[in-house]
Amino acid sequence: VRAVLERCNAMQELSAAAFAEALHAAQACGPERGADVKSCLQQASGEASSRLLTRWQERRLSVSSIVAFREAAAFVDEVRSWNGSESLELAEAYSLRAQQALLRAVRKDDGELLELPLARSAAKSLAGLAMDLARFARLLVEHSRTVWGIRNLLTEVASVYPTLNEQLPVVRVHAEFYGRHWDVLERLLHELQRAEGQQTKALRMAELGVACGPIGAHLLHRFDSLEYFGADPTIR
């Protein structure tokens, strides 16, 4: 738990700092600089990214294993055995993802501005870094909670099923999808819609266990062609 909390807190802190740096860089390299805006943004973003990387390294969370990085770079994290180190392995994987995002920001910057609401703008690379770090922090917590829940269940039923942990299939959690479950469903429906090649073709979705129906209400507002079927045997 401590490893997850340390890494999550570090990612959240640096995410907020990266976004603040993105706003500051955009303000310092405003359009009044003319043709010099791009080079100004590149320099400001590079220096800010280096400071953020140093802060990460000072937290002593850096990981240098190339093999571990290759595993962390995959789109899916796998839990193959339940020996008590599952959440630590997830924490290491997301530490590597955060470290690589920081290194990419240091090494490469496009010098572009990202337009924001309310007539504001931010350095695009730093804003992207902020989003990456926030996403990693959220996914680390979400997936760790899933792992802890499964481990607690194994403990509760151990007296009845003593070898259950050895019989479990490989548990896979996606390392890229970000958001609550309705956000993930929305992304999947978007992909189905694009695969069909027709925005007006009906999408069909069934949900078992709808409770008060918040997921259906969320998705029906976003997909005019969605045909939604919901059922919940616990509601009379």
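The values are calculated or read from the model by the stated rules, or taken from the named source; none is laboratory data. Keep in mind that what you see is a predicted model, and the values were worked out from it rather than measured. Don't worry about glycine lacking a Cβ; one is built from the backbone with ideal geometry, like all the others, and counts go over all protein chains shown. Please note that ligands, DNA and RNA were not included when accessible areas were found on the heavy atoms of the full protein model with its side chains. Shrake-Rupley method; radii C 1.70, N 1.55, O 1.52, S 1.80 Å.
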Of the conditions (1) more than 30 Å from residue 227 (Cα to Cα); (2) out of contact with any helix residue (DSSP H, G or I) (no Cβ under 9 Å at 6 or more places or on another chain), residue 161 clears all except one; give me its number.
(2)
Among the residues of the stretch 42-62, how many are under 26 Å from residue 6 (Cβ atoms), of a type outside the set (A, V, I, L, M) and in contact (Cβ under 8 Å) with a residue 60 or more places away in the chain?
1
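Return yes when residue 135 is touching a Phe, Trp or Tyr at 6+ places or on another chain (Cβ under 8 Å) and surrounded by 11 or more Cβ atoms within 10 Å (Cβ to Cβ) and no when it is not. First the steps, then the outcome.
On the way: touching a Phe, Trp or Tyr at 6+ places or on another chain (Cβ under 8 Å): yes; surrounded by 11 or more Cβ atoms within 10 Å (Cβ to Cβ): yes.
Criteria met by residue 135.
Which residues, counting only those in the stretch 214-224, are under 12 Å from residue 193 (Cβ atoms), open to solvent by 20 Å² or more (accessible area, probe 1.4 Å) and in a helix (DSSP H, G or I)? Show your work before the answer.
At the first step, the residues of the stretch 214-224 found to be under 12 Å from residue 193 (Cβ atoms) are 219, 222-224.
Then keep just the ones that are open to solvent by 20 Å² or more (accessible area, probe 1.4 Å); that gives 222, 224.
Passing the criteria: only 222.
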If you go through the stretch 93-109, how many residues are free of Cβ contacts under 8 Å to residues at least 60 places away in the same chain and open to solvent by 30 Å² or more (accessible area, probe 1.4 Å)?
5
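Residue under question is residue 156, and the condition is that it be in contact with a strand residue (DSSP E or B) (Cβ under 6 Å, 6 or more places away or on another chain), open to solvent by 80 Å² or more (accessible area, probe 1.4 Å) and without any contact (Cβ under 8 Å) to a residue 12 or more places away in the chain; does it hold?
Working: in contact with a strand residue (DSSP E or B) (Cβ under 6 Å, 6 or more places away or on another chain): no; open to solvent by 80 Å² or more (accessible area, probe 1.4 Å): yes; without any contact (Cβ under 8 Å) to a residue 12 or more places away in the chain: yes.
Against the criterion (in contact with a strand residue (DSSP E or B) (Cβ under 6 Å, 6 or more places away or on another chain), open to solvent by 80 Å² or more (accessible area, probe 1.4 Å) and without any contact (Cβ under 8 Å) to a residue 12 or more places away in the chain), residue 156 does not qualify.
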Just one of 207, 227, 186 is touching a Leu at 6+ places or on another chain (Cβ under 8 Å) and not in a helix (DSSP H, G or I); which is it?
227
Looking only at the stretch 138-153, count how many residues are closer than 30 Å to residue 104 by Cα and either open to solvent by less than 40 Å² (accessible area, probe 1.4 Å) or in contact (Cβ under 8 Å) with a residue 40 or more places away in the chain (or both).
7
For the stretch 159-179, enumerate the residues that are free of Cβ contacts under 8 Å to residues at least 60 places away in the same chain and either open to solvent by 90 Å² or more (accessible area, probe 1.4 Å) or over 26 Å from residue 101 (Cα atoms) (or both).
159, 160, 161, 162, 163, 164, 166, 167, 169, 178
Is it fair to say residue 192 is more than 19 Å from residue 1 (Cα to Cα), among the hydrophobic types (A, V, I, L, M, F, W, C), touching a residue at least 12 places away in the same chain (Cβ under 8 Å) and open to solvent by 40 Å² or more (accessible area, probe 1.4 Å)?
no
